[in-house]
Every structure is written in structure tokens, then in C-alpha cells.
Amino acid sequence: MTPAAHTPSALSLRQALSFQGITTGLIAGLVGFGSSFAVVVQGLLAVGATPAQAASGLTATCLMMGVAGVYFSLRLRQPISVAWTTPGAALLAATGVAEGGFAAAVGAFLLVGALIILCGLWRPLGTLIQRIPGSIANAMLAGILLPLCLAPFTALKAIPLLAVPVVVTWAMISVFSRLYAVPAAVLVALLLMLFPELTGGVAAATPSLSPALSFVTPTLTGSAVIGIALPLFLVTMASQNVPGLAILAANGYRPEARPLFIGTGAGSMLSALGGGLSINLAAITAALCAGPEASSSPDRRYIAALMAGLTYIGLAVLSAAAAALVSQSPPLLIQAVAGLALMNAFAGAAVAGFQEMEDRLPAVLTFLITASGLSLWGIGPAFWGLICGLLFRALLRAVAGKKAG
């Protein structure tokens, strides 16, 4: 049953404040950051960022999604949660360095922000993105996530002293609370990173607690546009923005998409100047902030999204230290943590991708090509998986139509 639509809250900030809303927003912010920041750092490093640039990118992204979340919540008086693109970060981790290095990746990030703005300004583009079959889009996402989701089990053999405590912590906490399982595993991994005798590295320098923003001069290359920008844009829209709007609607909130796309697109472009990823509507944390966990009164729930945004702004200060620890640790450990963080996303994408019998074969083709790591002419596997899946689907339907005729 679809809930009745909630109008923007008429309650002032003081009237809407509640302990439940504040604590839910704080939890949403901490979970959103703690469960996936390692994925973001890993993705930035994979496309050529130095540790300092990865720290700047994490800080810029965290800051912009906090500012956007605070702005939307106060302006619209609805629980609009904003997050970084975790599936997009996983895409980067599987893509590798494009021609032109990290500067080209930053140029691609800027282009993604511009395309998101265009979705808000020009309705047909947003409609076109929504017309990509869900089976193909989800199969592509599942293929992107599979290599990272295998990393925890590869790590169990390669670095058992580090991987076993992390995986066991995740499994044990999952029994009681899936929400806190990944943050708990991340905490254990961070503690292990502090002991160089376990990680096999040298003692890490004391990480700075000051924000590490630095400007990255962008360039744009053809391979970065096709291999990074277009897949990242599609993943961000199909896996974050569209589901984010659906979660809001499921809880009775139906904000106009236009200002949300324009705002998150502009925030993505500002984040890119610091080497950061795209920002978008949240999915998992949106369910927390827009649901009854935030308040029994729909008019008070925007406080949770506001608090989540403020939490992200506060955590931006710690981003430099977090990125420093991650970049000085064994890559396989970081990939293992990222894989645990993406397990639920992989399961959801795989189920959604393969559940329609009519599209199952094109979806499988999309999934396998994307997961294979196939790269041609500097263009990564996500693009080829999507294109081949769409073409094969169109061919099958054309042949079926002729047979029926």
C-alpha cells in the first residue's frame, strides 16, 4: 500500500527537534561514512590518485554531501539524505588508471556532475536513464561489485592474520544487527592498521587531523569519458538517485527531482575540484531518515537528514586521517573491507538483475562481461557490459517479434 503523500513540514526547526531524530541522523551519518569510506579511498587510489589526493577527495566528497544534505533538509523540510556514490567508487576500483591519470579521472568526475545537472534541467535525459532496463542496469552493477565481494575470501588465504578478525567480526555482528556489522568490521580493520608488524609495513606517521583539501587540475580524455564518466554517471543515476527517490516515495515523500539533481550535480562538480567523487541521493541511510525510526511524526523526520548532513561535515575533518591509514595498509585488506561493505548491494543487484526470465540471458551476458575485467581501447568493462547487454537484449526481442509476427 502506497503511503499518503507528506507535504513539506510546517514545523520550525525548534518545533521539529527531537532526541529520536537527532540520534537517528547521527547513526545514519556514522554508518554511511564508516561502512564505505574505504571503498571510496580504494576507488580513488585505483584511478591514479596519490594518498594525498585520495585524502583530499574523501574530504571534499564528505564535506559536499554534508552541505547538500543540510541545505535540502532545511530548504525543503523533507528528509532528503545525500551520500557519496558507493557503487561508483566500486566501479573506479575495478576500472584502473585511464589515459591521462588522475587528472583525467577528475575531468570525468566533473563531467558526471554536469550530466546530473543536465538531468535536472532537461527532462528527456532523466527519462532516458530511467528507461534503461532494470535487469541490465542491476546486472552491470552486480558485475562491478563481484570482484570486490570476492576480496574478503581471497584475503583469508593471503593475509589470514588480518582478514580473519575482520571477516569474523562482520559475520558475528551480522547475526544481531546488519546495520552495524560493516562499521564494526571497519573498526577492527582500522585497529589492525595501527600495528605495522601485522600489516607488514613500516610504522605509519601520525595522521593529520586537519582537512586535506587540495585543488586537482582536470583534463579530459576520450578513454576517461567513455571508461569512467559514462559508466559512473549511469551507475550514480540508476543505483543511487532513482532508488533514492523511490525510497522517499515509499515513505510518503515526493519532492520534485529537478532541484535535487541540479543541487547534487553542482555539489559533485565542486567535490571533483578537490579530487572527490559524485554525490547523490542516499539509499540505505535514506530509509533510516525518512522512516519511522527517525520519528513517528513525518513532519519531524527532516531533522534526522539534517543531523546526518551535520555529521558528515564533522567527519570531513577526520577524512585525512582515515585516508592516510587506508593508503598505508595492504591493498588486499582494504579490498576485503570494501567487499564486506558491498555484500548487501551485490545481493540486491544480482537478485534484481536475474529475476526477470525474459531478460535473464542479456543480464547474464552483461554481468559476465562486466565482471571479467575486459578492457578494450582503454575503455573499462562496465561500458562494454552495458552496451553488449543492451544490444543482445534488443536483438533477442527483435527476433522474438518477427517470430510472433
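Only one entry in SER208, SER214 is among the small types (Gly, Ala, Ser), under 21 Å from ALA38 (Cα atoms), in a loop (DSSP other than H, G, I, E, B) and at pLDDT 60 or above, namely SER214. Looking only at residues in the stretch 155-197 that are touching a residue at least 60 places away in the same chain (Cβ under 8 Å) and not in a helix (DSSP H, G or I), the one that is farthest from ALA341 (Cα to Cα) is LEU194.
Residues that are in contact with a Ser or Thr (Cβ under 7 Å, 6 or more places away or on another chain) and part of a helix (DSSP H, G or I) within the stretch 90-121 comprise ALA103, ALA104, GLY107, PHE109, VAL112, GLY113, ILE116, listed in sequence order.
If we scan the stretch 252-269, do we find a residue that is surrounded by 23 or more Cβ atoms within 10 Å (Cβ to Cβ), under 19 Å from LEU110 (Cα atoms) and among the hydrophobic types (A, V, I, L, M, F, W, C)? Within the stretch 252-269 (the criterion being surrounded by 23 or more Cβ atoms within 10 Å (Cβ to Cβ), under 19 Å from LEU110 (Cα atoms) and among the hydrophobic types (A, V, I, L, M, F, W, C)), the answer is yes, since at least one residue qualifies. When the stretch 136-148 is filtered for residues that are crowded, with 24+ Cβ neighbours inside 10 Å and farther than 11 Å from SER239 by Cβ, the ones remaining, listed by number, are ILE136, ALA139, GLY143, LEU148.
For the stretch 243-302, filtering for residues that are part of a helix (DSSP H, G or I) and not hydroxyl-bearing (Ser, Thr, Tyr) leaves 31. Looking at PRO330, is it surrounded by fewer than 23 Cβ atoms within 10 Å (Cβ to Cβ), at pLDDT 70 or above and within 30 Å of VAL166 (Cβ to Cβ)? Taking the combined requirement at face value, the residue satisfies it. List, please: which pairs have Cβ atoms under 6 Å, are six or more places apart or on different chains, and start with a residue in the stretch 230-251 that is closer than 12 Å to LEU115 by Cβ and end with one that is among the β-branched types (Val, Ile, Thr) and assigned to a helix (DSSP H, G or I)? Qualifying pairs under 6 Å: LEU232/VAL112; PHE233/VAL112; MET237/ILE129.
Taking the criterion of being touching a Pro at 6+ places or on another chain (Cβ under 7 Å) and at pLDDT 80 or above, the only residue of the stretch 121-142 that qualifies is ILE136. Restricting attention to the stretch 384-405, the residues that are surrounded by fewer than 11 Cβ atoms within 10 Å (Cβ to Cβ) and either polar (S, T, N, Q) or part of a helix (DSSP H, G or I) (or both) add up to 6. Against the test of being in contact with a Gly (Cβ under 9 Å, 6 or more places away or on another chain), crowded, with 19+ Cβ neighbours inside 10 Å, modelled with pLDDT of 90 or more and closer than 27 Å to ILE22 by Cα, the options ALA108, ALA68 yield a single qualifying residue, ALA68. Within the stretch 107-120, is even one residue of a type in the set (Phe, Trp, Tyr) and under 19 Å from PRO218 (Cα atoms)? Yes, some residue in the stretch 107-120 is of a type in the set (Phe, Trp, Tyr) and under 19 Å from PRO218 (Cα atoms).
Restricting to the stretch 345-370, what's the tally of residues that are hydrophobic (A, V, I, L, M, F, W, C) and surrounded by 22 or more Cβ atoms within 10 Å (Cβ to Cβ)? Residues that pass the stated criteria total 5. Taking the criterion of being in contact with a strand residue (DSSP E or B) (Cβ under 6 Å, 6 or more places away or on another chain), farther than 27 Å from ILE173 by Cβ and in contact (Cβ under 8 Å) with a residue 24 or more places away in the chain, would at least one residue in the stretch 43-66 satisfy it? For the stretch 43-66, residues in contact with a strand residue (DSSP E or B) (Cβ under 6 Å, 6 or more places away or on another chain), farther than 27 Å from ILE173 by Cβ and in contact (Cβ under 8 Å) with a residue 24 or more places away in the chain: present.
The values are calculated or read from the model by the stated rules, or taken from the named source; none is laboratory data. Predicted model only: the values in this text are computed from it and were never measured. Cβ sites come from the backbone with ideal geometry, for glycine too, and all protein chains shown count toward neighbours.
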